[in-house]
1. Look through segment 25-37, keep the residues that are assigned to a strand (DSSP E or B) and over 23 Å from GLU68 (Cβ atoms), and return whichever of them is modelled with the highest pLDDT.
2. What's the number of the only condition in (1) on the phi < 0 side of the Ramachandran plot; (2) touching a strand residue (DSSP E or B) at 6+ places or on another chain (Cβ under 8 Å) that ASP77 fails to meet?
3. GLY81 versus (1) of a type outside the set (A, V, I, L, M, F, W, C); (2) at pLDDT 95 or above; (3) farther than 23 Å from ASN4 by Cβ: which is the lone unmet condition?
4. From the list ASP61, ASP94, ASP34, ASP51, which residue is under 15 Å from LEU119 (Cβ atoms) and charged (D, E, K, R)?
5. Collect the residues in segment 77-109 that are free of Cβ contacts under 8 Å to residues at least 24 places away in the same chain, in a helix (DSSP H, G or I) and surrounded by fewer than 19 Cβ atoms within 10 Å (Cβ to Cβ), keeping them in residue-number order.
6. Out of all the residues in segment 78-98, which are under 23 Å from LEU127 (Cβ atoms) and of a type in the set (S, T, N, Q)?
7. Here is a list: GLU114, GLU71, GLU124. Which entry is within 14 Å of the chain's Cα centre (by Cα) and of a type in the set (Asp, Glu)?
Amino acid sequence: MNMNESEIIKDFAAFLASKGFAFVAESIGGGFGDRVIEWSDGRLTVRIVRDRGHWSVDIRDADDRSGECYEAALLRDLVVGGGLDVLSLSAQIDFLESNWDAIADAFSPNRIAETKRELRYLYEKWLRRRLPGLFR
């Protein structure tokens, strides 16, 4: 991880703390520099994942045991409309910080079921774009 990535993550951790999130866990492993960092406020869990050099930032309902998490690009599609399918670490974090209130509202108890339905639909559209051969 380069210094820029370290600073981006440190700044994001401070942002999350300002929103009431606490650090939960960090794991590092694998020959590719894989890493997972997780924060939670009891209602939402935010996770940064580095998997074989690719960074993703996702959010999930902390009470959801299904394992469904929603990456920043998918949340962007939900909140502001479509864009690039793959975003840099800094672009993902910039989007989340800039749109935090709308994202938190989408995961509020009175909207979460609708939000999850919409995100599943958007994820299927994403899969069809990224892996068209699966849907012939």
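1. ILE28
2. It fails just one condition, (2).
3. Status for GLY81: all satisfied but (2).
4. Of ASP61, ASP94, ASP34, ASP51, the one residue that is under 15 Å from LEU119 (Cβ atoms) and charged (D, E, K, R) is ASP61.
5. Passing the criteria: ALA91, ASP94, SER98, ASP101, ALA102, ASP105.
6. Scanning segment 78-98 gives SER88, GLN92.
7. GLU71
Table: residues versus (1) within 16 Å of the chain's Cα centre (by Cα); (2) surrounded by 12 or more Cβ atoms within 10 Å (Cβ to Cβ); (3) outside any helix (DSSP H, G or I).
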| site | (1), (2), (3) |
| --- | --- |
| ASN4 | no, no, no |
| ILE9 | yes, yes, no |
| LEU16 | yes, yes, no |
| PHE23 | yes, yes, yes |
| TRP39 | yes, yes, yes |
| ARG50 | yes, yes, yes |
| ASP58 | yes, yes, yes |
| LEU75 | yes, yes, no |
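The values are calculated or read from the model by the stated rules, or taken from the named source; none is laboratory data. All of these numbers come straight from a predicted model, not from anything done at the bench. Don't worry about glycine lacking a Cβ; one is built from the backbone with ideal geometry, like all the others, and counts go over all protein chains shown.
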